[in-house]
Amino acid sequence: MMTNFFQERNGTRYVEDLALTDIAERFGTPCYVYSRAALTATADEFLAAMDGTVDLVCYAVKANGNLAILNLLARKGFGFDIVSGGELARVLAAGGDPAKIMFSGVGKTVAEMEAALQAGILCFNVESASELNVLAATATRLGKVAPVSIRVNPDVDAKTHPYISTGLKENKFGVSFDEAHALYRQAVALPSLRVTGIDMHIGSQITEIAPYREAAEKLLQLVRALEADGIALEHIDVGGGLGARYRDEQTISLAAFAQMLREVFAGRSERLMMEPGRRVVADAGVLLTRVLYLKPGETKNFAIVDAAMTDLMRPALYGAWHPVSAVTKRSATEKSSDSEKSWDIVGPVCESSDFLAQARPLVLREGDLLAVGVAGAYSMVMSSNYNARPRACEVMVDGKEVTVIRAREEIKKLWEMERILSK
């Protein structure tokens, strides 16, 4: 699905007031194109919908960590949910407030803990008893007191793809619901830790509100039990995972989500926080790619493009669906080469899983420009240099202006950190 900021005019697709054909000609392909207006509109929608309900919206940096996007959200007042020391450094470089940073993730290293403690982040979302002990020891050595919450795994089915489900017992994330209370008792007894909150995150690309309500109600049970045990919390973090519309999904209304939170946590004094990622940025970006070769076959027709799984990993990783459209609409003619066919849009990488889309009805010629939609989240951020492919550039459109927010990699830069042995 394309947003109103990616529209067709006179047979050509535009982003805001610029034709995608002009952007491709100027910056080449593959190229990620973001709409500042789309990103701003979604950010404002989030803040407005959650006003008076959620005290701090922490954008999940893993969805898209470009500095320009992080800076825009920071200036809007967003906090940030990070899962690595690299993401911490990115947020700080982009002007993010460390006092609005939540550090999640199951495998924080001591070096990452040290950097976060020195920066003065808002909270560590602890995901195991071992991590809790290492964090306490690290804080003691630095003469710091680490603010902590425990990420509780509520064992709730988010009804999403198993690879992006995080709230079931079989998932690696969080502390089991049955073990969490004891771990809180352990945490409050450690002088280098300050227990500030509780956290959950049940998955990504969630399109039903019922799993959120079930998980939130279970979380509240634990909050009340902790309160009865004399463990008072300052905040409750309900996580993120709100789905975007790629095809025909019925996404969760932000107003309905806020209403659910008000109902579940009515009368509570703790600050509410949340960690959206995909829903904030997905609709704000498209991937531009050009058809290199058409390869019709007996059982399948392949359109080989210059983008690949190295640029957009989601389809290869878990069969994700993205809309694909021709930037310039081509009408079917009597020529066999211009008839509509079912095309698999595939890249040059030497893997059979290297596809961006499958069985798409399109009228194509070699050299045509394609737009892969809803590519603002978990797209460029998951790219790689497999097959020694330089990563794509990223540009931001603002009305009639366009700015490179990440330059295209140069091939010679790919081996700058490598060394040839002298013998």
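The values are calculated or read from the model by the stated rules, or taken from the named source; none is laboratory data. Since this is a predicted model, take the numbers as computed values, not measurements. Cβ sites come from the backbone with ideal geometry, for glycine too, and all protein chains shown count toward neighbours. All accessible areas refer to the heavy atoms of the entire protein, side chains included, with ligands and DNA or RNA removed. Shrake-Rupley method; radii C 1.70, N 1.55, O 1.52, S 1.80 Å.
If you count, for each residue, the other Cβ atoms within 10 Å and average over each peptide, how do 217-226, 370-379, 204-213 line up from highest to lowest?
Numbers: 217-226: 16.7, 370-379: 26.0, 204-213: 19.9.
Highest to lowest by the protection proxy: 370-379, 204-213, 217-226.
Rounded to the nearest whole Hz, the Karplus-based 3J(HN,Hα) values (6.51 cos²θ - 1.76 cosθ + 1.60, θ = phi - 60°) of segment 232-242 follow the sequence 8, 10, 8, 9, 10, 9, 8, x, x, x, 4, with x at glycine and proline. Principal axis analysis of the Cα atoms in segment 1-114 yields extents of 54, 36, 23 Å, listed in decreasing size. Derived value for segment 316-423: Kirkwood hydrodynamic radius 17.0 Å. Basis is the mean of 1/r over every pair of different alpha-carbon atoms.
Step through the table entries Lys295/Lys413; Lys300/Lys329; Lys329/Lys413; Lys100/Lys144; Lys108/Lys412, compare each Cα-Cα distance with 27 Å, and write down the pairs that go over it. The pairs that break the limit, which is 27 Å between Cα atoms, are Lys295/Lys413; Lys329/Lys413; Lys108/Lys412.
Once C-alpha pairs closer than 8 Å and six or more residues apart are averaged by separation and normalised to the residue number of segment 266-397, the relative contact order reads 34 percent. Applying 1/(1 + (r/R0)^6) with r as the Cβ-Cβ distance of Ala119 and Thr21 and R0 = 45 angstrom yields a FRET efficiency of 0.55. Ligands, DNA and RNA left out, the accessible area of the chain computed with a 1.4 Å probe is 50% carbon and sulfur.
To make sure I understand the rule: partners must be aspartates and glutamates, Cα under 19 Å from the Cα of Lys341, and not fewer than 8 residues away in the same chain. Which ones qualify? Counting by Cα, and skipping residues close in sequence, Lys341 has these aspartates and glutamates nearby: Glu298, Glu366, Asp368. Principal axis extents of the C-alpha atoms in the chain (largest first, rounded to whole Å): 78, 63, 42.
Expressed to the nearest 5 percent, the antiparallel share of DSSP beta bridges inside segment 296-423 is 75 percent. A simple spin-label model places the labels of Leu421 and Ala266 7.1 nm from each other, with each point 7 Å out along Cα-to-Cβ. Remark: the Phe302-Ser253 segment gains 13.9 nm on full extension, using 0.36 nm per residue and subtracting the alpha carbon distance.
For the pair segment 355-423 / segment 13-48, the C-alpha centres are spaced 15 Å from each other.
Residues in the chain average 44 Å² of solvent-accessible surface per residue, probe 1.4 Å, ligands and nucleic acids excluded. With Cα atoms defining each centre, segment 179-245 and segment 262-309 are spaced 27 Å apart in the structure.
Karplus-based coupling profile of segment 355-367, in residue order and whole Hz: 9, 9, 6, 10, 6, 9, x, 9, 9, 10, 10, 4, x, with θ = phi - 60° in 6.51 cos²θ - 1.76 cosθ + 1.60 and x standing for Gly or Pro. Among the GluC sites (Glu not before Pro) in segment 333-423, those placed in a DSSP loop whose Cβ has at most 15 other Cβ atoms within 10 Å are Glu334, Glu340, Glu351, Glu366, Glu409, Glu410, Glu416, Glu418.
If the viscosity is 1.306 mPa s and the temperature 10 °C, what Stokes-Einstein diffusion coefficient in µm²/s follows for segment 362-423 when Rh is the Kirkwood radius over Cα pairs? Could the numbers behind the result be given before it?
Working: Rh = 15.0 Å.
The calculation lands on 106 µm²/s.
State the antiparallel share, in %, of DSSP beta bridges confined to the chain, rounding to the nearest 5. Rounded to the nearest five, the antiparallel share is 45 percent. At an R0 of 41 angstrom, the distance between the Cβ atoms of Ala388 and Glu227 translates into a FRET efficiency of 0.15. For Cys31, the amide hydrogen comes within under 5 Å of the amide hydrogens of Leu288, counting only partners 5 or more places away or on other chains and with H modelled in the peptide plane. Within segment 118-139, what residues put their amide N at less than 18 Å from the label point 7 Å along the Cα-to-Cβ vector of Leu317? Flagged as within label range: none.
Taking amide H atoms as placed 1.01 Å from N in the peptide plane, the amide H of Met102 lies under 5 Å from those of Phe80, Asp81, Ile82, each 5 or more residues away in sequence or on another chain.
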